[in-house]
Amino acid sequence: MIGIDMDASISNPQIWLIGIIVFFLAYNYLTKESWKRLPPGPPSLPLIGSLPFLGSSDIREPLRKLANKYGDVFTIYLGSRRVVVLDGYDVIHDAFVKNAKVFSGRPNIFTIKIITGGYGIVSTEGEFCREQRRYALHILRDFGVGRSKLEGRMLEEITFFIQEMEKNTDKPLYPQAIIQKSVANVIASVTFGKRMNYEDPIFTKFMETFNRNFRVIGSSGFINIFPFVRYLPGDLFHIKQLQRDYDYLISEYQRIIDEHKKAAKEGKQDDDFISVYLKKIEEEKNVEDSSFTEKQLVCLCNDLFSAGTETSSTTLEWAILFMSLNSDTQARVHAEIDDVLGNDALPSMHHRIQLPFTEATILETQRLGNIVPLGVPHAVTEDVYFRDYFIPKGTMIIPNLYSVHIHPELWPEPEKFKPERFLDSDGNIDQKELIPFSVGKRQCLGEGMAKMELFLYFTSMMQHFNFKLAPGCPAPNMKGLLGLTNTPEPFHVLVEKRNSK
Ligand code: HEM
């Protein structure tokens, strides 16, 4: 008969070891959040998480496939970071609008933290962010979003833009730089109170640095998943470059803020974001722990430039590309604009209602261009049960706006460019479930300004020019290049001056 010698077992180190392992496994199992039913998802491997299931660089289609398999709320792991992806309009709306209080946080992202230091709006959360967001919106509204003051400044910039395009007619043009400088000038005019000459070397250096910064952040997924790479010698992952470029941009904002302070001391009143904000800092100087500081103003300037330049200019680039490839649509837009504006009246926002097809073409550009396809990541600010799943506090949330904009039930033949889909049977605009600016409490702060910009720029461009692909230049791959935004692959167009009517 086989008996158990208890004394021998207690002193046997192997049995102790097995006991400890069993204890830890059991502890891990019992305390693991998964028993609380985290949203399902693909397996997660040590260190790399779900990366093998996300394709090489463009994760849009892999995310769609995962949604087909796991449903409209699913979990992936970027390295060891847990991320919940929301797929489709209903679930994004449920989270960001109906559960806005919990879903309006921002995740802690290494590259963003090293450059912003926790200031600004885009990457902050909580009461600090709410107060700053409210005040920034107040300035923008007061300043003229939806009113003629901003429209006047924009139209002035558009005049320079049209002149610049005219210099480039009848030869192959890659329009990215001209559009971007002009759109950056709109932000400069709102923020600094002045536009800059396109050839100005300071402006050129600023935009080059800004673009490099944007590109590095756009491709910094690897650094954010494996932040320890910052300790490697050299600068293989461009982290030092990122910091250097950011310091340069900050010094430029600071220089302009100092000029404003000097002007204010001399009694000169400026009518721009910086001037209004500086007055607020002065008003709050005796308020303990006021969130209105110069450091915050500097970061706000950067937020407005970062969030407001690339997005609008990329949308306009897509618009030119779609027009070049869809001559029937282009002809219909031309005809509508000719009827309402002729060839020299300046467009204004009150023309929007008379130009429904033009408006529908802009909406279709936003849908198919999918400029910010994965939105800006949110985070849940507390543990939450959502659609029967448990999502722990701090989890990063990705709203897959791309999934909304290519959903075949919402948009039949979603891959085709068809502005008519936004017109109802009476020919009026029906925006349907288009959400390029996201939804909820963190919805784009510049939406009003962006809509004005897209309408005035697009209408003016179409009033003056006809676009077609430059001979010998093939159409680019229409999926675009995914970074922070989805930009068209480089393309060359022929810009032809129109003589309408
Ligand atoms: C076509 C142009 C634009 C598009 C497609 C766009 C899209 C977006 C999206 C998707 C978000 C993320 C919202 C979220 O977190 O749920 C966002 C945030 C933001 N946008 Fe825009 N945007 C555009 C233009 C602008 C402009 C012109 C400005 C500046 C005046 C601006 C300023 C901001 C800011 C400050 C945020 C952060 C808001 C926050 O964190 O609370 N955007 N935008």
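Inspection of the stretch 466-487 identifies no residue that is within 11 Å of the ligand (Cβ to nearest atom), touching a Phe, Trp or Tyr at 6+ places or on another chain (Cβ under 9 Å) and assigned to a helix (DSSP H, G or I).
Just checking, does the stretch 175-182 include any residue being assigned to a helix (DSSP H, G or I), touching a residue at least 40 places away in the same chain (Cβ under 8 Å) and either away from the ligand (no atom under 16 Å from the Cβ) or open to solvent by 20 Å² or more (accessible area, probe 1.4 Å) (or both)? Within the stretch 175-182, one or more residues are assigned to a helix (DSSP H, G or I), touching a residue at least 40 places away in the same chain (Cβ under 8 Å) and either away from the ligand (no atom under 16 Å from the Cβ) or open to solvent by 20 Å² or more (accessible area, probe 1.4 Å) (or both). Filtering the stretch 443-458 to residues that are within 13 Å of Glu359 (Cα to Cα) and more than 7 Å from the ligand (Cβ to nearest atom) leaves Lys451, Met452, Phe455, Leu456, Tyr457, Phe458.
Considering (1) surrounded by fewer than 17 Cβ atoms within 10 Å (Cβ to Cβ); (2) in contact with a His (Cβ under 7 Å, 6 or more places away or on another chain), the lone condition that Glu496 does not fulfil carries the number (2).
Checking the condition charged (D, E, K, R), over 24 Å from the mean Cα position of the chain (by Cα) and closer than 30 Å to Arg82 by Cβ, which residue from Asp289, Asp270, Asp235 passes?
Details: Asp289 fails: closer than 30 Å to Arg82 by Cβ; Asp270 fails: closer than 30 Å to Arg82 by Cβ.
On inspection, the qualifying residue turns out to be Asp235.
Which of the residues belonging to the stretch 414-449 are in a helix (DSSP H, G or I), within 23 Å of the chain's Cα centre (by Cα) and surrounded by fewer than 22 Cβ atoms within 10 Å (Cβ to Cβ)? Hits for the stretch 414-449 are Glu447, Gly448.
Residues of the stretch 303-341 that are free of Cβ contacts under 8 Å to residues at least 24 places away in the same chain and either charged (D, E, K, R) or within 16 Å of the ligand (Cβ to nearest atom) (or both): Asp328, Glu336, Asp339. Within the stretch 372-389, if we keep just the residues that are open to solvent by less than 10 Å² (accessible area, probe 1.4 Å) and either among the β-branched types (Val, Ile, Thr) or more than 14 Å from the ligand (Cβ to nearest atom) (or both), the residue that is farthest from Glu125 (Cα to Cα) turns out to be Phe386. Selection of the stretch 91-105 for residues being within 17 Å of the chain's Cα centre (by Cα) and either open to solvent by 30 Å² or more (accessible area, probe 1.4 Å) or within 23 Å of Gly71 (Cα to Cα) (or both) yields Ile92, Phe96, Ser104.
Under the condition of being outside any helix (DSSP H, G or I), away from the ligand (no atom under 14 Å from the Cβ) and on the phi < 0 side of the Ramachandran plot, the residues counted in the stretch 86-105 number 1. Residue pairs whose Cβ atoms lie under 6 Å apart, sitting 6 or more positions apart in sequence or on different chains, and linking a residue in the stretch 190-207 that is under 23 Å from Leu297 (Cβ atoms) to a partner that is open to solvent by less than 90 Å² (accessible area, probe 1.4 Å) and polar (S, T, N, Q), are Arg195/Asn185; Arg195/Ser189.
For every residue, the table says whether it meets (1) at pLDDT below 95; (2) surrounded by 21 or more Cβ atoms within 10 Å (Cβ to Cβ); (3) assigned to a loop (DSSP other than H, G, I, E, B).
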position	(1), (2), (3)
Leu316	no, yes, no
Ala319	no, yes, no
Met323	no, yes, no
Glu336	no, no, no
His350	yes, no, no
Phe357	no, no, no
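Looking at this structure, is Leu173 under 25 Å from Ala475 (Cβ atoms) and of a type in the set (A, V, I, L, M)?
Values: under 25 Å from Ala475 (Cβ atoms): yes; of a type in the set (A, V, I, L, M): yes.
In short, yes.
The numbered conditions (1) at pLDDT 95 or above; (2) outside any loop (DSSP other than H, G, I, E, B) are all true for Phe292 except (2). In contact (Cβ under 8 Å) with a residue 60 or more places away in the chain, open to solvent by 90 Å² or more (accessible area, probe 1.4 Å) and under 30 Å from Ser80 (Cβ atoms), is that true of Arg215? Yes: the conditions hold for Arg215. Identify all residues within the stretch 106-141 that are assigned to a helix (DSSP H, G or I) and either touching a His at 6+ places or on another chain (Cβ under 7 Å) or within 11 Å of the ligand (Cβ to nearest atom) (or both); write none if there are none. Selection gives Cys129, Arg130, Gln132, Arg133, Arg134, Ala136, Leu137, Ile139, Leu140. Restricting to the stretch 448-488, and then to whatever is out of contact with any helix residue (DSSP H, G or I) (no Cβ under 9 Å at 6 or more places or on another chain) and of a type outside the set (A, V, I, L, M, F, W, C), can you tell me which residue is nearest to Gln180 (Cα to Cα)? So, considering only residues that are out of contact with any helix residue (DSSP H, G or I) (no Cβ under 9 Å at 6 or more places or on another chain) and of a type outside the set (A, V, I, L, M, F, W, C), the one nearest to Gln180 (Cα to Cα) is Asn477.
In the list Ile76, Ile48, which residue meets the criterion of being of a type in the set (Val, Ile, Thr), open to solvent by 60 Å² or more (accessible area, probe 1.4 Å) and over 30 Å from Cys299 (Cα atoms)? First the steps, then the outcome.
Numbers: Ile76 fails: open to solvent by 60 Å² or more (accessible area, probe 1.4 Å).
When all the criteria are applied, what remains is Ile48.
If you check Phe160 against the conditions, is it aromatic (Phe, Trp, Tyr) and within 11 Å of the ligand (Cβ to nearest atom)? Here the answer is no, as Phe160 does not meet what is asked. In the stretch 146-174, of all residues being in a helix (DSSP H, G or I) and hydrophobic (A, V, I, L, M, F, W, C), the one that is modelled with the lowest pLDDT corresponds to Leu150.
For the stretch 418-442, give me the residue count where each residue is of a type in the set (Ser, Thr, Tyr) and within 16 Å of the ligand (Cβ to nearest atom). Walk me through it before giving the result.
Going residue by residue through the stretch 418-442, those that are of a type in the set (Ser, Thr, Tyr) are 425, 438.
After this cut, where a residue has to be within 16 Å of the ligand (Cβ to nearest atom) as well, the list is 438.
Residues in the stretch 418-442 being of a type in the set (Ser, Thr, Tyr) and within 16 Å of the ligand (Cβ to nearest atom): 1 in total.
Contact map, the stretch 375-390: residues that are of a type in the set (Ser, Thr, Tyr) paired with residues that are in a strand (DSSP E or B), Cβ distance under 9 Å, separation 6+ or inter-chain. Pairs shown: Thr381/Gly105; Tyr385/Ile391; Tyr389/Val73; Tyr389/Thr75; Tyr389/Val84.
The values are calculated or read from the model by the stated rules, or taken from the named source; none is laboratory data. On a predicted model such as this, the values are computed, not experimentally measured, just so you know. Reconstructed Cβ throughout: ideal geometry from the backbone, glycine too, with neighbour counts over all protein chains shown. Each accessible area value is taken on the protein alone, full model and side chains, heavy atoms only, with ligands, DNA and RNA left out. Shrake-Rupley method; radii C 1.70, N 1.55, O 1.52, S 1.80 Å.
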